[in-house]
Amino acid sequence: MNETALLQQILPLFRRDENMLVPPGDDCALLKFGDRCLLAAADQVISNVHYYEDTAPERVAAKLLKRNLSDIAAMGGIPRWALLTLAVNGRSDEWMQRFFAGLEACAQQYNVTVAGGDLASLPTRLDCAALTILGEVEPDKVCLRQNARPGELIAVTGALGDTLRTGHNLDFEPRLDEGRFLAQNNFSCCMMDLSDGMAADLPKLLNASGCGAEIELDKLPCRNHCDPRQALSDGEDYELLFTIPPDKYQELQKKWPFATTLTAVGRVTDTRTVKYTTAGKVVPDLEINGYEHCKF
């Protein structure tokens, strides 16, 4: 059983209350909180899975926080507080001090307060660090995966693929300002962050919206001219994928105030499938998979 199949089984077990505004499955939980909405997400990093064991602890801590910040960005939100859970084995006092100093430095950079957490040890040589991020967003500006509509363009920020070799998997910048701009200026109400590769992530958005997509392989912004298959499947891009009405895209390009590039890579369709095209022709029998978190 893979992660998708497991979630289909377990998510119906959990009840919703009137303050939970969308069901589990988006980048963040969306909770009613006064006249605003509370955003909550959790993510983790594990040694020799998300980073090599000899990676500098400051970079490990920063990656952990930035992974969560990318989820806030995808909802058009503002990050506020973080809670850390850390379990390790065999790490020195120096490693621990550097990890926490790195976490605080990254938190200050993005105006986040580390508000608490938990520490534990593990019986085997392994690190497992999990972080819960809390943020806020205006109810009428939140971006949801369920808001895609047929005919809209599909666009991405930045470049995709070749993330491990280039170090982008550690040194990326979460697109917080870009996500706020898209949401606040009504260019998009449908976004997600790309962490497992577009081939794995895009279908989640499409399933939530009941739509399909056509992706133009020759328009993908491939990092370092990598193969389009890498751009779709490598994962750990931490870029934003969003949908936008075609008549708004030119205006967005004119008003876009960031150095971060924008690329329209396809469009939303009224089917329930994803088709890949090149030079305007459908590529038949093209099977591309992104990163699979867990298999049982």
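The values are calculated or read from the model by the stated rules, or taken from the named source; none is laboratory data. Owing to the predicted nature of the structure, the values given are computational and were not obtained by experimental measurement. Here the Cβ is made from the backbone with ideal geometry for all residues, glycine too, and neighbour counts use every protein chain on show. We work out accessible area using only protein heavy atoms, side chains counted, and drop any ligands, DNA or RNA first. Shrake-Rupley method; radii C 1.70, N 1.55, O 1.52, S 1.80 Å.
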Considering 87, 105, which residue is over 26 Å from residue 158 (Cβ atoms), surrounded by fewer than 19 Cβ atoms within 10 Å (Cβ to Cβ) and touching a residue at least 40 places away in the same chain (Cβ under 8 Å)?
87
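In the stretch 257-273, how many residues are among the polar types (S, T, N, Q) and part of a strand (DSSP E or B)? Steps first, please.
Residues of the stretch 257-273 that are among the polar types (S, T, N, Q), as a first pass: 260-261, 263, 269, 271, 273.
Then drop every residue that is not part of a strand (DSSP E or B), which leaves 263, 269.
The qualifying residues number 2.
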Check on residue 177, surrounded by fewer than 21 Cβ atoms within 10 Å (Cβ to Cβ) and either outside any helix (DSSP H, G or I) or acidic (Asp, Glu) (or both)
yes
Any residue in the stretch 138-167 that is more than 23 Å from residue 212 (Cα to Cα) sitting within a Cβ distance under 6 Å of a residue that is part of a helix (DSSP H, G or I) and of a type in the set (D, E, K, R)? List the pairs, counting only those 6 or more apart or interchain.
162/223
Scan the stretch 210-225 residue by residue and report those that are part of a helix (DSSP H, G or I) and either among the charged types (D, E, K, R) or crowded, with 20+ Cβ neighbours inside 10 Å (or both).
217, 218, 219, 223
Collect the residues in the stretch 1-39 that are buried (at least 18 other Cβ atoms within 10 Å of the Cβ) and either free of Cβ contacts under 8 Å to residues at least 40 places away in the same chain or not in a loop (DSSP other than H, G, I, E, B) (or both), keeping them in residue-number order.
29, 30, 37, 38, 39
Could you count how many residues in the stretch 146-173 are open to solvent by 30 Å² or more (accessible area, probe 1.4 Å) and touching a Leu at 6+ places or on another chain (Cβ under 6 Å)?
0
